1. Go through segment 157-190 and count every residue that is among the hydroxyl-bearing types (Ser, Thr, Tyr) and more than 18 Å from Ile320 (Cα to Cα).
2. Are there any pairs with C-beta distances below 6 angstrom linking a residue in segment 260-285 that is more than 22 Å from Pro476 (Cβ to Cβ) and among the aliphatic types (A, V, I, L, M) to a residue that is part of a helix (DSSP H, G or I) and at pLDDT below 65, with the two at least 6 apart or on different chains, and if so which?
3. Could you grab me the full set of residues in segment 137-160 that are β-branched (Val, Ile, Thr) and open to solvent by 10 Å² or more (accessible area, probe 1.4 Å)?
4. If I filter segment 457-471 down to residues being in contact with a helix residue (DSSP H, G or I) (Cβ under 9 Å, 6 or more places away or on another chain) and not in a helix (DSSP H, G or I), which single residue comes out as surrounded by the fewest Cβ atoms within 10 Å (Cβ to Cβ)?
5. I need the full set of residues from segment 172-222 which are part of a helix (DSSP H, G or I), open to solvent by 30 Å² or more (accessible area, probe 1.4 Å) and not hydrophobic (A, V, I, L, M, F, W, C), in order please.
6. Going through segment 148-163 one residue at a time, which ones are touching a residue at least 24 places away in the same chain (Cβ under 8 Å) and either aliphatic (A, V, I, L, M) or assigned to a helix (DSSP H, G or I) (or both)?
7. Would you confirm whether any residue within segment 368-382 is open to solvent by 50 Å² or more (accessible area, probe 1.4 Å), at pLDDT below 85 and closer than 27 Å to Ala347 by Cβ?
8. Could you please give the count of residues in segment 113-128 that are open to solvent by 40 Å² or more (accessible area, probe 1.4 Å) and assigned to a helix (DSSP H, G or I)?
Amino acid sequence: MGEAFKQTFVPEDSVAPAVPTGLRGFLAKFAVLRGAQRNLWLTFLIKFLIYTAYSVTNKTMVLWLSKDLGFSDQAALSLVGWVWAPAMTVFTLLAGSVTDAIGLRRTFFLGVAICTIARSVMVVTTIPSLALACGVLPLAVGEALGTPVLLAATRRYSTTAQRSISFSIIYMVMNIGYSAAGWIFDYVRQLNLRVSFFGLEPSSYQQLFIVSLVFEIVLFPVIYFLRRDPHVTITTEPHRSGTDFLSRIGRTVRQSAIDSAQLFGRLIGQSGFYRLLVFFVFIGFLKAIFLQMDYVFPTFGIRELGLHAPVGKLSAINSIVIILLVPIVGALTQKFAAYRMVVIGGAICAAGVFIMALPTEWFLPAANSAIGQWLGHGYLGLHGSIHPYYVMAALYLIVFSVGEAFYSPRVYEYAAAIAPKGQEASYGSLAYLPFLVGKLLIGTAGWLLAAFCPEHGPRHSGTMWLIFALAASVAPAGLILFRRYIRVPEAGRQDVD
C-alpha cells in the first residue's frame with residue numbers, strides 16, 4: 001500500500017510528506033518490521049517459550065513444594081519468597097555482564113542447559129534436599145540468564161526504526177506466554193493423568209514441570225538457528241576456547257559484583273538515590289500483590305473452588321487486559337508526570353484487591369447473571385452453578401490490571417526521569433528493587449494461607465484478602481503522604497504538586 005501511494009503521488013519539495021493516521025497509521029507502525037532479520041523473529045519465539053515455561057513453573061512451585069515435597073504453607077512460601085525468587089533477582093543483576101563476556105548465543109545455551117537439568121531433577125525426585133539443591137536453586141540461575149539476554153538480543157537484532165515496536169512486541173509476547181501458561185496449568189491438572197515411566201509416576205505438578213521441560217528442550221534448536229547476521233558489524237562474540245569459557249564467566253561474575261558494589265557506593269552519597277529507594281520500597285507492596293497471583297492465588301483457588309478449578313484461566317485475565325490496555329493508556333497519559341500516574345495506578349490496584357475481601361453473598365446475583373454465566377460456562381468451561389468467587393476474582397483482576405497499566409510502565413520512566421545527567425543507567429538498574437521487595441513480602445504469605453485459608457478446617461479467606469488489600473494500599477498512601485520528600489522534578493515535566 002505504501003509503495004502504491006508513492007507511485008501515484010509525488011509531492012513537491014515544499015510539501016511535507018503525508019503521515020498516515022487512524023488504522024493505517026497504526027498498521028504502519030508494524031510495517032517497519034518488514035525485512036527484519038530472522039534473528040529478531042527468533043528472539044520473539046524464544047521469549048514466548050522461555051516465559052511460558054517460567055510462568056508454568058511459577059504457578060506450580062508452591063503447590064509442588066506443599067503436596068509433593070511435604071512442606072507446610074509457611075515453609076513453601078518462605079522458600080519461594082526468600083530463596084527462589086530473590087536468588088533469581090540477584091543472578092539477573094549479574095547476568096548482563098556474563099552476556100557481554102561470552103556472547104548472546106552462548107548465554108542462551110548456558111541458561112537453557114541449566115534450566116533443562118534443573119527441571120529434570122524436579123520431575124524425577126521427591127527428596128526435598130535434592131530437589132532444592134539440584135533443582136530449584138540452579139533453576140533460578142538458569143532463568144536469570146534469560147532476562148537480560150532477551151533484552152540485549154532485541155536491541156541488537158532490530159534497527160533503530162524497528163526498536164520501539166520490537167520492545168512493545170516483546171512485552172506483548174511475554175504476556176501471551178503468561179496467558180498460555182494459565183491455560184496449560186488448568187489443562188494438565190484437569191487431565192488427571194496416571195502415567196508411569198520406568199517406575200516413576202509423576203504427580204500432576206511434576207507433569208506440569210514436564211511440560212515446562214519440553215518448552216526448554218524446544219529452545220535448543222531455536223537458539224541453534226539464532227546466528228549472527230552477516231550485515232551486523234558488532235563483534236561481541238569472538239571465538240574462544242572451551243577451557244577459557246568457565247574462567248571467563250568466573251572473572252566476569254566477580255567483576256560484576258565489584259562494579260555493583262562501586263555503583264551503590266557512588267549512589268549512596270546522592271539525595272536522589274534515597275528518594276528513589278523509598279519510592280521503590282512502596283512500589284514493592286504493589287509487586288507483592290502481582291506476585292501472589294502466581295504463588296498464592298492458585299492455592300487459594302484450589303482450596304476454595306475445588307481441585308480442578310480453572311485458576312490458570314482466571315489469572316490469564318490479567319495478561320489479556322494488560323496486552324489491550326498498556327498501549328492505549330500509554331498514549332493517553334504520556335503528557336502526565338510519571339509520579340502522578342504511579343499514584344493513580346497504585347490506588348486503582350489497591351481498590352481491585354478489596355473486591356476479594358467483600359462477602360461472597362454480595363456477588364450471588366452477578367454469578368447468576370448473563371455475564372456471570374458467560375464467564376463461568378463460556379470462558380472458564382465450568383458446569384453447574386457458578387461460585388461467586390469466580391466473578392469476584394474476574395472483577396479484581398480486571399480492576400487490578402487497569403491500575404497496573406497506569407503505574408507499571410511509568411515506574412521505570414520515573415527512575416530515568418529523576419536520574420542525574422549521565423547516570424540514567426545506574427538509576428535504571430535499581431528498577432529490580434520493587435520486585436525484590438515484593439518477593440520478600442510474599443514470603444510471609446504462607447502464614448496468611450495457613451491461618452485464613454488452610455487446606456483443612458474452617459476458612460476465612462476474606463480476611464486474608466483484606467490484609468493483601470491493606471498491604472497494596474501502602475503504596476499509594478505512602479507515595480501521597482511522603483511525596484514532598486520522595487518526589488523530585490521530572491525531566492521535561494511541568495506536572496508537579
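1. 7
2. Here the result reads Leu263/Ser426, each pair linking segment 260-285 to a residue that is part of a helix (DSSP H, G or I) and at pLDDT below 65.
3. Val141, Thr147, Thr159, Thr160
4. Applying the filter and picking the extreme gives His460.
5. Across segment 172-222, the qualifying residues are Tyr178, Tyr187, Gln190, Pro221.
6. Pro148, Val149, Leu150, Ala152, Ala153, Thr154, Arg156, Tyr157, Ala161, Gln162
7. No - not one qualifying residue is present in segment 368-382.
8. 5
The values are calculated or read from the model by the stated rules, or taken from the named source; none is laboratory data. The structure presented is a predicted model; accordingly, all values stated were derived computationally and were not measured. Positions of Cβ are backbone-derived with ideal geometry, glycine not excepted, and every protein chain shown enters the neighbour counts. The area values use the complete protein model at the heavy-atom level, side chains included, leaving out ligands, DNA and RNA. Shrake-Rupley method; radii C 1.70, N 1.55, O 1.52, S 1.80 Å.
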